[in-house]
Each structure stands twice: as C-alpha cells, then as structure tokens.
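Since the structure comes first, as structure tokens, the remarks are kept for the end.
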Amino acid sequence: MVASTDWLVSVPAELDAGPASMLPLAGPVALGTLRTGRLGPGETVLITAGAGAIGHLAVQLAKLQGAGTVIATAGPAKLGYLKELGADAAIDHTQPGWADQVRAAAPSGVDLALEAVGGTMLHQSIDLLAPFGRVVVFGASAGELTSVPVRSLFAMKSVTGFSLLALRAASAAQARADIAELTGLFLTGRLRATTETTLPLAEVAQAHQLLEDRAVIGRLLLTP
C-alpha cells in the first residue's frame, strides 16, 4: 500500500502503540461522526457496535462532549465493558427486542445515532429518533447496503453519511485538527484505547477469524 505523506501521523514518544493506532483512522472517524451529527449538550446518543474499534472511542467522546445519555449496543459478552466506558445504558443488539430497550432508556427518543451496522439496524435506528433527530451512517458491517425509505424521514428526522476520505478532501485542515485533538486526549488520559487482543503478525489469519467471530473488544493489534 502506498500512503500519502499528507496523512501520516506523528506519534509522540510517550504514546503507546494502542492509542497511536487509533490516530490515523478510528479516532478521527469517531470524532468526525459526532461532529457531523451536531451533538448538542445534554442530548441522547445511540451508538451501535459500541464495543468496536471506533464505537468504544465514540462512547467516550460523546460523554466528553456533553451528551446527556449515551446508549451503546453490543453482543451480550461486551455489555459490562460498555458500562466501564461510561455508557449510561448497554443493550444487547442480538436480542429481537433491543429497540424497545432503547425506547425505555430514551422515552423521548434519540437525538443522535451513530450507525455502522447497516441493514435493519439502520432502519430501526431511524425509527428510534426523536423529532429533529439525526442518524450518521459511516459503515455497513452487516454487509447490507440498504436504502432509506423517504417516508421514514417525514417526522422531522434526517440521515447523513460520514467518510474520513470525504472529510480530508472537503476540509483537510479540520481533519488535521481532529488528529491533534485526539492526540491530546490520549496523552492526558481523558480518552483511552482498548487493545486487549494482541497477536504477532504471523498469526494474521487468526486475527481475521477473531474479527469475523466478533470476539474482539476495542482494537486488535498485530505486532511485527
């Protein structure tokens, strides 16, 4: 792979490999989705796949930016971890009634949803929005690039997308500023990176299997 020198990240000597690995991609996406969604003080945020490499940072950043209630979803084995990150409600999205649990945690609806699963999860996230609520779509890990029914937006709801490549092209200065902001948050300990799974580079096939099995919390690191 050839990387543009414009987007290489300078890593401070005191920053460990785990948080350093978040600076080029995962961190800026987590921060960028919150900014794109115009998170306001006291608002309710729903983060699907909250225990992943991007999601676990988004949970923390939402709290740092003044969210009133942070609701995060994950598989059953990761719910305790979401609470440790600061989520006010941790919900098992493998259960058929997960959306009802979100409604119980946010009776007035969700103001902002960060969605990277796709398929029916996106449709349900739109349904959970409060009036003037926003969904920011930045992926489709379920493998289903679904369409959005226009009728679902009539109740003063909106859906927008986020791509780090698009942000770099549209506002390079903002993208650079985001990296600097994240570096400072990691250095001061206000933001922490979870890298519990570390494997040697020779075991890359095993690493991919763990990702496919959704057995990784936070970021998986391969060490050369």
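Some points to look at:
- Residue-wise HN-Hα coupling along the range 196-201, computed from phi with Karplus coefficients 6.51, -1.76, 1.60 (Hz; x: Gly, Pro): 6, 9, 10, 10, x, 4
- Once the GluC sites (Glu not before Pro) in DSSP loops with at most 13 neighbouring Cβ atoms within 10 Å are cut out of the chain, the longest remaining piece is 15-143.
- Cut-off under 5 Å, modelled amide H: who pairs with Ala130 long-range: Val110, Asp111
- Applying a DSSP loop filter and a limit of 14 other Cβ atoms within 10 Å to the chymotrypsin sites (Phe, Trp or Tyr not before Pro) in the range 144-224 leaves Phe154.
- HN-Hα J in Hz across the range 69-79 - Karplus 6.51, -1.76, 1.60, θ = phi - 60°, x for Gly and Pro: 9, 10, 10, 10, 10, 6, x, x, 6, 10, 5
- Put simply, the amide H of Val135, placed in the peptide plane, has neighbours under 5 Å in Ala113, Ser158, Val159, Thr160, leaving out anything fewer than 5 places away on its chain.
- Each DSSP beta bridge with both residues in the range 109-224 is either parallel or antiparallel, and the antiparallel ones are about 5%.
- For the range 13-195: relative contact order, % (alpha-carbon pairs under 8 angstrom, 6 or more apart): 23
- Share, in percent, of DSSP beta bridges within the chain that are antiparallel, nearest 5: 5
- Near Ile91, the amide H atoms lying under 5 Å from its own belong to Ala72, Thr73, Ala74; only residues 5 or more places off or on other chains count, and H is placed 1.01 Å from N.
- One decimal place: the segment Ser158-Arg192 gains 9.2 nm when fully extended, by the rule 0.36 nm per residue minus the C-alpha distance.
- Candidates Pro200, Pro24, Pro76, ranked by Gaussian network fluctuation over the chain, Cα under 10 Å, top entry: Pro200
- Backbone phi angles across the range 20-29, fed through the Karplus curve with coefficients 6.51, -1.76 and 1.60 (θ = phi - 60°), yield HN-Hα couplings of 4, 5, 7, 5, x, 9, 4, x, x, 5 Hz in residue order; Gly and Pro are listed as x.
- Over the range 13-195, the reciprocal of the mean inverse Cα-Cα separation, the Kirkwood hydrodynamic radius, stands at 16.4 Å.
- When the chain is described by a simple charge dipole with +1 on each Lys and Arg Cβ and -1 on each Asp and Glu Cβ, the residue from Gly133, Pro19, Ala30 located farthest towards its positive end is Gly133.
None of the figures in this text is laboratory data; all of them are computed from the coordinates on show. Since this is a predicted model, take the numbers as computed values, not measurements. Counting neighbours? That spans all protein chains shown, and the Cβs are built from the backbone with ideal geometry, glycine included.
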